[in-house]
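The values are calculated or read from the model by the stated rules, or taken from the named source; none is laboratory data. Everything quoted here is computed from the prediction, not taken from an experiment. Quick reminder, even Gly has a Cβ in these numbers, built from the backbone with ideal geometry, and neighbours come from all protein chains shown.
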Amino acid sequence: MTDSSYDVLVIGGGPAGLSAALNLGRSLMRVLVIDADRPRNAATLNSHGFLTRDGIPPHELRRLAREELTAYPNVEVRSRVVVASLSREGDVFVAGIGRREATSTVTARTVLLATGLRETLPDVPNLRGFYGMSLFSCAACDAWDLRDRPLALIGESVDLADRARLIARWSPQLTVFTNGADVVSTAEEAELAAAGIAVARHPIAELVGERGKLEAIVLADGTRVDLDGGFVRPEWDTNLAFLDGLSPALDGSGHLVTDRSGRTDVPGLYAAGDAAAPGPQQLIVAAGAGARVAAVIVHDAIGVATAH
């Protein structure tokens, strides 16, 4: 094996990719992790639900993980670079690596896609000023800290009513803001109203608050709704343009389709974390998926199907 050839190329340095790299390294695989270092949760001050690390800043969790990997000389991490191209040549994958365009090339027998997702927030004035501080996207991660307060749910997706029912578990004082999008049906609005959940259909004119703390939402018709935080429903998409015609199967939402073990329909190509169906996950779930797929990669490499 040459200096530029690896057993496994892990694309993505979040919880799924770093967890996979740790377990692959411990299995004596030569591993290269490519991390663009642009995590979806970069705006989040604290992450929750990760056993022994509840409340840790996401960047600190990643730093600790990368620090642990330095104990394994067979694991290499390259940060702030991207895989610009990935193709298959014979029995190996060939990856072009650089900041924007390929400046070097590596080969790997196996590739794990742990690229995460790219998110687009609703088009609401100054929303970014509150995102990650008093407005969040993950109810399981952050609703505990907002429980029993008057909350907003902002979104323009057809699953908005379902998300409202979920968030109402933590607070009955909930207003759904569609920002003018026709995504909550009349029947859904009636169901939500019966549960005490209001629906505001006018476009949002302004978010009111200071230093990231949401205090109110003002609608285009002048209505002001006083609030104490809330949730946003982003749109997510996978950023897989670099796959150069490998064309793994995607589901209807654009997430990578895998079997229960993380294998895509392209031989040697695996996926774990947010990029794989069903999509966005808690950090601990993504880390667990990375560990599981790492074990599968090792088993597949030697042609056995034994359990751990």
- Out of region 16-56, which residues are in contact with a Ser or Thr (Cβ under 7 Å, 6 or more places away or on another chain), without any contact (Cβ under 8 Å) to a residue 60 or more places away in the chain and either assigned to a loop (DSSP other than H, G, I, E, B) or under 22 Å from Arg211 (Cβ atoms) (or both)? Asp37, Ile56
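Does region 112-131 hold any residues that are part of a loop (DSSP other than H, G, I, E, B) and surrounded by fewer than 15 Cβ atoms within 10 Å (Cβ to Cβ), and which are they? Can you show your working first?
Start the filter on region 112-131 by keeping residues that are part of a loop (DSSP other than H, G, I, E, B), which leaves 114-117, 121-126, 130.
Residues satisfying the conditions are Asp123, Pro125, Asn126.
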- Members of region 57-86 found to be closer than 22 Å to Glu119 by Cβ, of a type in the set (D, E, K, R) and outside any helix (DSSP H, G or I), listed by number: Arg80
- Item | Members of region 217-243 that are surrounded by 14 or more Cβ atoms within 10 Å (Cβ to Cβ), at pLDDT 95 or above and among the hydrophobic types (A, V, I, L, M, F, W, C) | Ile217, Val218, Leu219, Val225, Leu227, Phe231, Val232
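Can you name every one of the strands (runs of 3 or more DSSP E) wholly within region 141-230 that holds 2 or more residues which are farther than 21 Å from Glu119 by Cβ?
Numbers: elements: 151-155, 174-177, 198-200, 204-210, 213-219, 224-226.
Where strands (runs of 3 or more DSSP E) fall fully within region 141-230 and carry at least 2 residues being farther than 21 Å from Glu119 by Cβ, they are 174-177, 198-200, 204-210, 213-219, 224-226.
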- Note: among Val111, Val106, just one is touching a residue at least 60 places away in the same chain (Cβ under 8 Å), closer than 30 Å to Ala301 by Cα and out of contact with any Ser or Thr (no Cβ under 6 Å at 6 or more places or on another chain), namely Val111
- Query: Is it the case that region 70-92 has a residue that's touching a helix residue (DSSP H, G or I) at 6+ places or on another chain (Cβ under 9 Å), hydrophobic (A, V, I, L, M, F, W, C) and farther than 27 Å from Pro267 by Cα?
  - Reply: yes
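This table checks each residue for (1) farther than 30 Å from Leu61 by Cα; (2) in contact with a strand residue (DSSP E or B) (Cβ under 7 Å, 6 or more places away or on another chain); (3) assigned by TED's automatic domain parsing to the domain that holds Pro58; (4) not β-branched (Val, Ile, Thr).
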residue	(1), (2), (3), (4)
Glu189	yes, yes, no, yes
Gly196	yes, no, no, yes
His202	yes, yes, no, yes
Val218	yes, yes, no, no
Asp221	yes, no, no, yes
Leu227	yes, yes, no, yes
Ser247	yes, no, yes, yes
- Query: Using beta carbons and a limit of 9 Å, which pairs, at least six apart or on different chains, have the first residue in region 264-291 and at positive phi and surrounded by fewer than 24 Cβ atoms within 10 Å (Cβ to Cβ) and the second one assigned to a helix (DSSP H, G or I) and among the acidic types (Asp, Glu)?
  - Reply: Gly268/Asp300
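Quick check: is even one residue across region 202-224 touching a His at 6+ places or on another chain (Cβ under 8 Å) and closer than 30 Å to Val10 by Cα?
From region 202-224, those touching a His at 6+ places or on another chain (Cβ under 8 Å) are 219-221, 223; that's our starting set.
Still in the running and closer than 30 Å to Val10 by Cα: none.
No, there is no match, as no residue in region 202-224 is touching a His at 6+ places or on another chain (Cβ under 8 Å) and closer than 30 Å to Val10 by Cα.
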